[in-house]
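The values are calculated or read from the model by the stated rules, or taken from the named source; none is laboratory data. Everything quoted here is computed from the prediction, not taken from an experiment. Note that we place each Cβ from the backbone using ideal geometry, even for glycine, and neighbour counts take in every protein chain shown. Only protein heavy atoms, including side chains, enter the accessible area calculation; ligands, DNA and RNA are left aside. Shrake-Rupley method; radii C 1.70, N 1.55, O 1.52, S 1.80 Å.
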Amino acid sequence: MAQDYYRQAVQEVARELGTSLSEGLTASQVKQRREQYGANSLAGKKKISLWQRFLAQFKDFMIIVLIIAALLSGFVAQEWTDAAIIMIVVLLNAILGVFQEARSEEAINALKKMATPSAHVRRNGQVVEIPSTDLVPGDVVLLEAGDVVPADLRLTSVNSLKVEESALTGESVPVDKQDIPLEKAQVALADQDDMAFANTNVTYGRAEGIVTQTGMHTEVGKIATLLNNTDETDTPLKQNLNQLGKTLTIMILVICAIVFAVGFFTKQGTEPTDKLAIDMFLVAVSLAVAAIPEGLPAIVTIILALGTQVMAKHKSIVRKLPAVETLGATDVICSDKTGTLTQNKMTVERVYYDGQVHQAAQVITAKNPALLAMLLANDTRISDKQLLGDPTETALVQYAFNQKINVQELLAQHQRVQEVPFDSERKLMSTVNQAGDHFLVAVKGAPDQLLNRVTKIEKNGQVIPITAAQKQEILAANQTMAEQALRVLALAYKVVEQPYGEPTTDNVEQDLIFAGLVGMIDPERPEAKAAIAEAKQAGIRTVMITGDFQVTAQAIAQRLGIIEPGQDQQVVTGAQLDELSDDYLQEHVGDYSVYARVSPEHKVRIVKAWQAQGKIVAMTGDGVNDAPSLKQADIGIGMGITGTEVSKGASDMILADDNFATIVEAVKQGRKVFSNIQKAILYLMSCNVGEVLTVFMMTMLGWDILAPVQLLWINLVTDTLPAIALGLEPVEKGIMNRRPRGKKSTFFSGGVASSIVYQGILEGILVLVTYQLGLNFGPHLANSTLQHEDALTMAFLTLGLIQLFHAFNSKYIHQSIFTKRTFANKWFNWAILVSALVMVAVELPFMTKFFDVTELNGVQWLIVLLAGICMIVIVEVVKFFERKLGAK
């Protein structure tokens, strides 16, 4: 293809690319070109095959050391059974590692697909919306303000188009575009005014253009700005966990070195020195492999990713994984009013006629002059009961439909013959309509303007001259409705014998009969008030931001419970905001709950002011100019229905339904994910502490030590499945009764760190006690060797099974596990059952020799199980006192 489309006339480009400006491409052309050019997406990192992923598992330093130790055990010490079992465990660990990575990557790819922008394109003569990845060269694309340019385009028609090209050229000022070809042979990218390039943003105007290049052939593709791959870098959360893992690794390696040294020197003479050295080396390495939480970052990523899938089902599409964690810590939600807190649909609430205000639900007849006026002085088009037109006018027609009025028949009986259109100076609209042998003039407009043209009033079917007192009553009713944030229109009519020669305001809109007033509002969403109350209970402040008038914003805020009646001081306008210094706003931002008549630029100041107080802020936005505030906020929330592609691209999360209640639900899900990660960390880390303490104390006390294969088997069986299953725990009861956890909190906050320590120590003590009991109970008391083997088997099984018992403790960090919901998580139930069966399987007669264990009798099994039960009981007692002390 030619590369100088900016020099070619529009028709020449269309001819070269084989497309029609009026019809676009056909389905067969699209199919052929997609096969030829591929998807319109930037190339990501080369996909790693399963085999490569599997081999990568063996790059870990500790795994390499373990393999070397296993080989030494086989070739030097001739312990081939141990060596084989160790290698099997290593292979199974590698398979689990591949599974974890694959699940994590799948989830991130699913996030990318959900966040794919769309494009409006003309195909087969119809304008359709498609994923931008489906575009091919020759497609005719329609652009408007807020769109992200989906591919490189030669503009074919332009209407005041401005494009911000900083992603490509670095120039932040939007560029004016045209459709006239350029004459110069060599024109810099930034000066190609008749071209629009992929990943740039339309800030103003409209245009159409032909796709000239897609995917890696676009200008942004050439310079390898791989915007699609941003999520593949490690999240801050994962980096923190990796750093934690390194710190713990150093500590555990030091302990393992001590275990090796003490064991080697205290057991001199019990076996040949070279075999002893290999055995203790294997123990030390196996302990390190079992105790180092190398899978923790992967497990946390999986839990986060699974959380995003649940959120997607609740209409919250998370674009960036760290947002899940941050959501749960939200302190302040700054929300737009229109469409998010309200329905974005004008609705009639009050109708005033016959001297009284009537609720919209009260019955009104088709003969009522107020109803006739609102329907006849109305330009709404009715298409299969779909109402098209100005929202205020469609609200009047919908009101009639709700009253079971046959609107089409009524309009057919009153055909419009003349009209005086609305203009902003007189603020009125009038129509002249056939009404049998006469003509009915219908007028609607601003109450103050219309009352000046009224000479009579209809009251209870009687037309009488209007008095000054009646006009005052009407104005008072108007004022009352206006104070309730209703938009009020006045309605009037008169009957004339024939149409006007030349209808004007001076002859049509005079000597009118007052029919009534109608009050409308964009009502709050029914679920928004409950969501705001739930957020308040959770310690989350809701702040309304709107471009609407102060009185409207204040009334809606009161109806939603954002402010209480009389709290006028909590409402501030954009003009007042401009008069406040940044320092003053930062100090007093908590005083304001409603911002009226503000611009998108004010939003950034509001977010920064809250952040200066250490708060985590979520901000909604749907327009091009909202992008800076969405990026500034800790959680930028784009609108899936009304939002522009630019605002969606700047957001961390997109609301599929533009609903405030969905934000609160997302916060709840974010809290759940954070809590579940804490549970997984508590479980894994306390089990690791228990393992290290057990082996360390056995070594220091000169007792028998668990075999390497036993430590590795425990690590394999108890680590992965229960930890991931804890990440699938349902939302805890009362999770939205807690205060936000604060910006400085970590996964170890809220008593998790102390629980890891005491629960890990408790595990170790129970295993050591079981070992000692094993030396004094059993069928082999007369045979010291066999009795020690029994005791060691009991210690091994206790260390494995006690961790599965402890997994139940980890379901609730502070609350009791004895609730109706203890077994609500079926994935957890299956994970524990499978892990327990695999753990107990070592007692099968043909398995005992592989794991250096003996077959236990009933009493010995009872001791093992009692140790697990003690783990639950003791932790429950500690939790009980924690709750009692916390209540004080």
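Regarding region 733-744, can at least one residue be identified that is farther than 21 Å from Thr326 by Cβ and either touching a Cys at 6+ places or on another chain (Cβ under 6 Å) or not β-branched (Val, Ile, Thr) (or both)? For region 733-744, residues farther than 21 Å from Thr326 by Cβ and either touching a Cys at 6+ places or on another chain (Cβ under 6 Å) or not β-branched (Val, Ile, Thr) (or both): present.
Among the residues in region 554-569, are any in contact with a helix residue (DSSP H, G or I) (Cβ under 8 Å, 6 or more places away or on another chain), outside any loop (DSSP other than H, G, I, E, B), surrounded by 17 or more Cβ atoms within 10 Å (Cβ to Cβ) and polar (S, T, N, Q)? So far as region 554-569 goes, yes, one or more of its residues are in contact with a helix residue (DSSP H, G or I) (Cβ under 8 Å, 6 or more places away or on another chain), outside any loop (DSSP other than H, G, I, E, B), surrounded by 17 or more Cβ atoms within 10 Å (Cβ to Cβ) and polar (S, T, N, Q). Among the residues of region 528-553, those identified as open to solvent by 10 Å² or more (accessible area, probe 1.4 Å), part of a helix (DSSP H, G or I) and at pLDDT below 90 are Gln550, Val551, Thr552. Any chance region 620-627 includes a residue that's at pLDDT below 85, within 22 Å of the chain's Cα centre (by Cα), of a type in the set (Asp, Glu) and buried (at least 23 other Cβ atoms within 10 Å of the Cβ)? Scanning region 620-627, I find at least one residue that is at pLDDT below 85, within 22 Å of the chain's Cα centre (by Cα), of a type in the set (Asp, Glu) and buried (at least 23 other Cβ atoms within 10 Å of the Cβ), so the answer is yes.
Whenever a residue of region 176-201 is more than 25 Å from Gly649 (Cβ to Cβ), its partners that are of a type in the set (Gly, Ala, Ser) and open to solvent by 20 Å² or more (accessible area, probe 1.4 Å), lying with C-beta atoms within less than 8 angstrom and at least six residues away or across chains, give the pairs Asp179/Ser157; Pro181/Ala9. When Lys536 is tested against (1) basic (Lys, Arg); (2) within 25 Å of Thr431 (Cβ to Cβ); (3) out of contact with any helix residue (DSSP H, G or I) (no Cβ under 9 Å at 6 or more places or on another chain), exactly one condition is not met: (2). So, Val709, is that one assigned to a helix (DSSP H, G or I) and β-branched (Val, Ile, Thr) or not? Judged against the criteria, Val709 is a match. In this structure, is Ile714 modelled with pLDDT of 95 or more, closer than 16 Å to Gly868 by Cα and not polar (S, T, N, Q)? Taking the combined requirement at face value, the residue does not satisfy it.
Taken together, the residues in region 831-847 that are free of Cβ contacts under 8 Å to residues at least 60 places away in the same chain, open to solvent by 60 Å² or more (accessible area, probe 1.4 Å) and of a type outside the set (Phe, Trp, Tyr) amount to 4.
I'm trying to understand the selection: among the residues of region 616-661, which are closer than 21 Å to Leu577 by Cβ and out of contact with any helix residue (DSSP H, G or I) (no Cβ under 9 Å at 6 or more places or on another chain)? Scanning region 616-661 gives no hits. If only residues of region 147-185 that are acidic (Asp, Glu) and assigned to a strand (DSSP E or B) are counted, the one that is modelled with the lowest pLDDT is Glu164. The residues of region 781-795 that are farther than 21 Å from Leu711 by Cβ and surrounded by fewer than 18 Cβ atoms within 10 Å (Cβ to Cβ), listed by number, are Leu781, Ala782, Asn783, Ser784, Thr785, Leu786. Taking interchain pairs and intrachain pairs at least six residues apart, which have beta carbon atoms under 7 angstrom, with the first residue in region 381-409 and hydroxyl-bearing (Ser, Thr, Tyr) and the second open to solvent by 80 Å² or more (accessible area, probe 1.4 Å)? Qualifying pairs under 7 Å: Thr392/Arg487.
Check Val140, Val128 and return the single one that is surrounded by fewer than 15 Cβ atoms within 10 Å (Cβ to Cβ) and either of a type in the set (Lys, Arg) or at pLDDT 90 or above (or both). Answer to the selection: Val128.
Look at (1) free of Cβ contacts under 8 Å to residues at least 24 places away in the same chain; (2) in a strand (DSSP E or B); (3) open to solvent by 70 Å² or more (accessible area, probe 1.4 Å) and you find that Glu419 fails only one, number (1). Condition test on Leu371, is it within 43 Å of the chain's Cα centre (by Cα), open to solvent by less than 80 Å² (accessible area, probe 1.4 Å) and at pLDDT 95 or above? The answer is no for Leu371.
Taken over region 268-315, residues that are open to solvent by 40 Å² or more (accessible area, probe 1.4 Å) and either among the charged types (D, E, K, R) or modelled with pLDDT of 80 or more (or both) amount to 9. Restricting Gln710, Gln669 to those that are under 30 Å from Arg541 (Cα atoms), open to solvent by less than 30 Å² (accessible area, probe 1.4 Å) and polar (S, T, N, Q) reduces the list to Gln669. Regarding Lys744, is this residue of a type in the set (Lys, Arg), modelled with pLDDT under 90 and over 23 Å from Ala94 (Cβ atoms)? Answer is yes for this residue.
Every test in (1) open to solvent by less than 20 Å² (accessible area, probe 1.4 Å); (2) in a helix (DSSP H, G or I) is passed by Val853 save one, and that test is (2). Look at region 347-369: where a residue is assigned to a helix (DSSP H, G or I) and a partner is crowded, with 16+ Cβ neighbours inside 10 Å and aromatic (Phe, Trp, Tyr), sitting 6+ places away or on another chain with Cβ atoms under 6 Å, you get Pro369/Tyr493. Within region 796-830, take every residue that is open to solvent by 20 Å² or more (accessible area, probe 1.4 Å) and in a helix (DSSP H, G or I) and give me the one that is farthest from Leu711 (Cα to Cα). For region 796-830, the residue satisfying everything is Lys826. Within region 428-462, the set of residues being open to solvent by 50 Å² or more (accessible area, probe 1.4 Å) and either more than 17 Å from Asp506 (Cβ to Cβ) or hydrophobic (A, V, I, L, M, F, W, C) (or both) comprises Gln434, Gly436, Asp437, His438, Asp448, Lys456, Lys459, Asn460, Gly461, Gln462.
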